[in-house]
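Structure, as structure tokens:
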Amino acid sequence: MIDYQETALLFHLKAKRFSYILQILDNKLLVHRYFGKRVEHFSPDNKITYLDRAFSPNPTSKDRTFSLDTLPLEYSSNGLGDFRTSAIEVTCEKGTALDLRYQAHRMYKGKPALSGLPASFGDEDQVETLEIDLYDELTDVTVTLFYSIFEEANYLTRSAVIKTGSQAVKLEKALSMTLDLPHKQFMVHTLTGRYGYEKEWTKTPLTQGKYSVGSIRGASSHSRTPFIALADPIATEEQGDIYTAQLVYSGNFTAFVETTALQTTRLGIGLNDEKFRWQLAANDSFQTPEALLSFTPNGFTGLTWDSQHFARHHIARGKWAHKERPILINNWEATYFHFTENKIVELAQSARDAGIELFVLDDGWFGKRNSDTCSLGDWVENRDKLPSGLSGLARKINELGMAFGLWFEPEMVSEDSDLYRAHPDWVIQIKGRSHTYSREQLVLDLSKEEVCDYLIESVSAILQSANIAYVKWDMNRNITNIPEYQANHQKNEFYHRYMLGLYRVLETLNKRFPEVLFESCSGGGGRNDLGMLYYMPQAWASDNTDAIGRLSIQEGTGLIFPSISVGAHVSAVPNHQTGRVTPLSTRGNVAMLGNLGYELDLHALPEHKITEITEQVKTYKSIRQTVQFGDYYRLKKTDNTYAYNYVNDDKSQVVFTFVKILSQPEAPLVQVKLRGLDASAQYYSKELDATFYGDELMNIGLTMPHVQKDYFSVQYIFHKQ
Ligand code: DGJ
């Protein structure tokens, strides 16, 4: 996977579909030589072209053609000639610039873990690592760049460790990676949005200047995702060059792309420096989060498959990573805070009768929590609501033949809670300034060890007290009111220290409860990122449960996240977020594009709706393997229609879904071509009671029914004959 040409000091990292080439120049500067379609060879005769560029400063008066400003660099600081967005900034007695020069390198099979942070992993036959030490003599700072190449999975990971020597240094910025590409004709793809409208696939033409997305909310957020892709502007689903950068991190981040006057492009991703500082003592070190890089010549389907596959095999961990997920019912939209034990058991009974496998008790089971104004932090069952306690309730649910799951929001505290009354100093706050509220709640200070220990023990106590098979880990506000100093740490260390605390809590709980299936949530997809996926292999994609609203949310989420991780529920109508009334069939068909669940009062539904839901559950069980582990294809899309198909490993089952949003007068017929089938095989669909050839479905396609109804959808399941 890594070719090393010693005389030219060239490192050629080879993935299945791309090459990534680095070189150490004679003056020991580390430069980037190539990232793109895989090549087998790179000759040492392939030299950098040096030109004298006006106003590009030169490190030596002897050579006007040599400038940091014009070289493709791998990890650069400002101050000595490079005027582009830097990867690292420090301040210390010796000034602010770093002149990083090659000192040593190491190559080995496998990949080290990142201390305290989520990161990708792989066996020695899947990944090889290159470490390069860069050293700045004046400040005695060493930056070790880590490159791990996953050949088969088509991914390169990058991170940096910054080590001090004899002097203390303040880190002002430490990105996980920057990279210089030699041209600038790109369409920039990001996932943006807002609460209830997460992960909108956003396309922005790259022009002169800089485009960036990021968060300073203390979470990756509803509105931004730690992901950026640079695509050939004419890339399609099937072809076109696309570069992607992602960050395995859940807190403040930045992802940017910057073009230069000389028409090169710098891409970078890492911790957001706007709210980041880190004081390093002498002989200290700092580990950046991990960046993921990939390149595909195979268009957006190539991007999606590589990303989904990598997330499934090299980020998500534990017993559930490769296991079919249970179909769940969640009581949130069915009852909100107003439930009794009897009501819950009744709901579970109806769900069990419909074939649903897991009951999730959402918010409201603890303390005096009958509204969202109190009790966060008091993780003690409410015996008024649950006379048999959690263990009794779990037993009753288990006796029905269902697993039992529970909602938590451990990072938060209500002012009206025993926890706050006992530990008012545990919240994030600025002494002398009043709190800033959001949903009337405050955030616990996870940069404090004792707070994290409390969370570990209080959540553990509940998980040990009853047979709990699943946890929904929620987080319903963003972080404000950062104190000036926190136990001798500088103010802007706070956000990262919070994340390190949270990751320690999650790691400990993962280890203590390896059987539990964790689902992350932050008011839906407010922290749906690869950092969380490392601890929790599925995520509640959005609080917006409207089938039509879900189409773009799930499509954006599915651009990079595996379908198995996308929590998708059927809810009641009129929909609680949009007021829209959609047919149950469409709600089912859309939710079946992800990890299916239900979130409505089944008990209150008429018999024929229960029968329909029972059929949906049965159907999903028959296609679950294909949807959760198969290949996902986006098909023809218009402003008014969405279409997808999933294909299982041996192409014997194909799940096709089409949704039309609005009925239109004299609407043209819609023809949709399927993808990924066995061309010569025959496929039978029970829904159509018809058989077609694979090549026919892929090249001629199917004509969608001409139905004059809003929110119409179909699901056809094809079986190879
Ligand atoms: C926000 C979540 O996204 C919802 O699903 C629900 O769990 C509520 N929080 C409960 O407060």
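Name the residues whose placed amide hydrogens come within less than 5 Å of the amide hydrogen of GLU519, ignoring near sequence neighbours (fewer than 5 apart) on the same chain.
Sorted by chain and number, the residues that satisfy this are VAL471, LYS472, TRP473.
Evaluate the relative contact order of the chain (contact order divided by residue number), counting alpha-carbon pairs under 8 angstrom at least 6 apart; express in whole percent.
Relative CO of the chain lands at 10 percent.
For region 591-671, what does the alpha-carbon gyration tensor say about shape, rounded, prolate or oblate, given a ≥ b ≥ c as the root eigenvalues, a/c under 1.5 as rounded, and a/b over b/c as prolate?
Because a/c hits 1.5 or more and a/b fails to exceed b/c, region 591-671 counts as oblate.
Can you give me the long-range amide H partners of ARG277? Hydrogens built in the peptide plane at 1.01 Å from N, cutoff under 5 Å, separation of 5 or more residues or another chain.
Those lying under 5 Å, H to H, from ARG277 are ASN492, GLU493.
Residue-wise, which Karplus ³J(HN,Hα) couplings in Hz belong to region 246-256, taking 6.51 cos²θ - 1.76 cosθ + 1.60, θ = phi - 60°, and x for glycine or proline?
9, 10, 8, 7, 10, x, 4, 8, 9, 9, 9
Which loop GluC sites (Glu not before Pro) in region 230-276, with loop taken from DSSP, have no more than 13 other Cβ atoms within 10 angstrom of their Cβ?
Taking region 230-276 and a limit of 13 other Cβ atoms within 10 Å, the loop GluC sites (Glu not before Pro) found are GLU238.
Mind running the shape call on the chain? Use the C-alpha gyration tensor, a ≥ b ≥ c as the square roots of the eigenvalues: rounded below 1.5 for a/c, prolate if a/b tops b/c, oblate otherwise.
Note, shape of the chain comes out oblate.
By the gyration tensor of its Cα atoms, with a ≥ b ≥ c the square roots of the eigenvalues, what is the shape of region 267-340: rounded for a/c under 1.5, prolate for a/b over b/c, or oblate?
Judged from the Cα gyration tensor, region 267-340 comes out oblate (a/c at least 1.5, b/c at or above a/b).
Would you mind giving the average projected area, over all directions, of the Cα convex hull of region 668-721 in nm² with one decimal?
Averaged projected area of region 668-721's Cα convex hull equals 4.0 nm².
If you put +1 on each Lys and Arg Cβ and -1 on each Asp and Glu Cβ, how big is the dipole of the chain around its Cα centre, in Debye rounded to 20?
620
List the lysines whose alpha-carbon lies under 28 Å from that of LYS511, not counting same-chain residues fewer than 8 positions away?
LYS109, LYS111, LYS319, LYS323, LYS396, LYS448, LYS472
What order do you get for ASP639, ASP601, ASP284 when you list them from fewest to most C-beta neighbours inside 10 Å?
Fewest to most other Cβ atoms nearby, the residues stand as ASP639, ASP284, ASP601.
Can you work out ³J(HN,Hα) from phi for every residue in region 96-110, in order, using Karplus 6.51 cos²θ - 1.76 cosθ + 1.60 and θ = phi - 60°, giving whole Hz and x for Gly and Pro?
10, 9, 10, 10, 8, 10, 4, 10, 7, 8, 9, 10, 7, 6, x
Which of MET412, MET107 comes first, and how do the rest follow, when ranked by fewest Cβ neighbours within 10 Å?
The fewest-first ordering by Cβ neighbours comes to MET107, MET412.
Looking at region 448-604, what % of its DSSP beta bridges pair antiparallel, to the nearest 5?
Antiparallel bridges: around 20 percent, rounded to the nearest 5.
Ranking THR703, THR70 by Cβ neighbours within 10 Å, fewest first, what do you get?
Ranked by crowding around the Cβ, least crowded first: THR703, THR70.
How about region 44-103: which chymotrypsin sites (Phe, Trp or Tyr not before Pro) there are in a DSSP loop, with at most 10 other Cβ atoms within 10 Å of their Cβ?
PHE55
If amide H atoms are built 1.01 Å from N in the plane of the peptide, which residues on other chains or at least 5 residues away come under 5 Å of the amide H of GLY36?
Amide H neighbours of GLY36, under 5 Å, 5+ apart: SER19.
I need the phi-derived Karplus couplings for region 583-589: 6.51 cos²θ - 1.76 cosθ + 1.60, θ = phi - 60°, integer Hz, Gly and Pro marked x.
Ordered by residue, 3J(HN,Hα) equals x, 4, 4, 5, 4, x, 4 Hz.
Every read-out reported here was derived from the displayed coordinates using simple, explicitly stated rules and does not represent laboratory data. Just so you know, these numbers come straight off a predicted model, no measurement behind them. Every residue, glycine as well, gets a Cβ built from its backbone with ideal geometry; the counts of neighbours run over all protein chains shown.
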